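Since every read-out is calculated from the coordinates, none of them should be taken as a lab result. A quick note: this is a predicted structure, and the numbers were derived from the prediction, not measured. Note: ideal-geometry Cβ built from the backbone for every residue, glycine included; neighbour counts use all protein chains shown.
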Amino acid sequence: MADKEKDKKAMPAAKKAAPVKAAVPVKAAVPAKAAAAKTTSAKAVAKPAAAKPKAPAKRAVARPLTRVVRPEPPREERRERKEEPREAPRARVEARPLPTAPAGHAPVIKADGSSDGSVELPAAIVSPSKRRGVLFQALLTSLANKRQGTSATKNRSRVAGGGAKPWRLKGTGRARQGSTRSPQWRHGGVVFGPNGRRYKQRMPAKMRHAAFAEALAAQAASGRMLVVDELRFDGDRLRAREVIDWLARVGDIGRAVLVTAQVDERVGRATANLKEFDLRTPGTLRLEDVLGAKTMLVMRPALDGLAARATVGSPE
């Protein structure tokens with residue numbers, strides 16, 4: 001009996017001891033729950049940050065094309081440019097007044113541009129037979145003959161398209177139309193437009209010669225006709241600046257025309273780009289060239305050709 005009582009007394013002690021052993025993990029778990037509670041409370045306290053406004057989307061802009069700049073080679077590899085000797089600046093020749101000559105004569109210009117006496121002009125140039133209105137009529141005829149008259153338009157038969165009727169003849173309530181290329185339609189033909197025209201005018205030879213003689217006489221009377229004795233330029237290749245310098249030594253000539261007996265290709269090639277200078281022969285000299293020139297330079301051999309052309313009744 002005593003043993004049983006001892007066992008009963010020991011059992012409650014064991015039961016009481018069991019919770020004590022199990023309390024160790026319970027006590028360890030309490031701080032873990034507290035830590036979890038603290039973290040949840042901290043998350044609750046920390047408010048979420050305000051959302052930042054989104055930046056506007058960048059628009060795609062086409063960039064301009066740029067050329068690729070290659071790196072320059074070092075200075076040692078660059079080719080040295082050959083220094084060419086520069087030409088000395090040309091001395092500017094100041095224009096001087098034109099030389100004068102008595103009535104019926106023309107000053108003579110030497111090869112260096114200086115004047116040397118005068119020469120008598122042919123009678124056909126100095127004292128032509130005057131005809132009123134012939135010079136003006138000849139000028140209009142010459143300008144009219146230069147026109148090409150190539151302007152043209154297309155009538156309804158030449159315009160492309162318009163083969164079918166735009167709508168039927170009756171039943172539409174609109175006016176009858178046979179083609180979309182009629183003159184009243186857009187893109188239609190032209191009724192009375194130009195279709196090639198000739199502006200050529202004919203003038204008797206005597207009137208042409210008389211007008212040409214009057215134009216030459218006007219130049220001679222004003223002292224703007226000069227007779228060139230010789231043209232002499234140094235060098236194998238003639239340049240335009242050499243001709244300009246020679247003209248400046250002659251005097252203040254302005255717009256000039258040089259009349260040679262034959263075609264001078266050397267002078268013509270050098271002066272092709274000069275706007276205030278023309279090169280002609282007695283056969284190619286036009287009436288508007290004489291009237292538009294401020295000064296006429298005539299080679300001595302070309303005087304006879306001009307006189308023959310200014311003579312009334314001479315053959316063409």
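At-a-glance table
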read-out: Vicinal HN-Hα couplings computed from phi for segment 166-176 (Karplus, 6.51 cos²θ - 1.76 cosθ + 1.60; Hz; Gly/Pro x); value: x, 8, 5, 6, 10, x, 9, x, 10, 5, 5
read-out: Selected from Leu258, Gly162, His187, residue furthest toward positive end of dipole (segment 154-264; charges at beta carbon); value: Gly162
read-out: Total formal charge among the other residues, if their Cβ is under 11 angstrom from that of Val134, Lys/Arg +1 and Asp/Glu -1; value: +4
read-out: Proximal charge balance of Arg174 [Cβ under 15 Å; K/R count +1, D/E count -1]; value: +4
read-out: Total formal charge among the other residues, if their Cβ is under 11 angstrom from that of Ala210, Lys/Arg +1 and Asp/Glu -1; value: +4
read-out: Distance between modelled label sites at His187 and Phe233, nm, 7 Å Cα→Cβ extension; value: 5.7
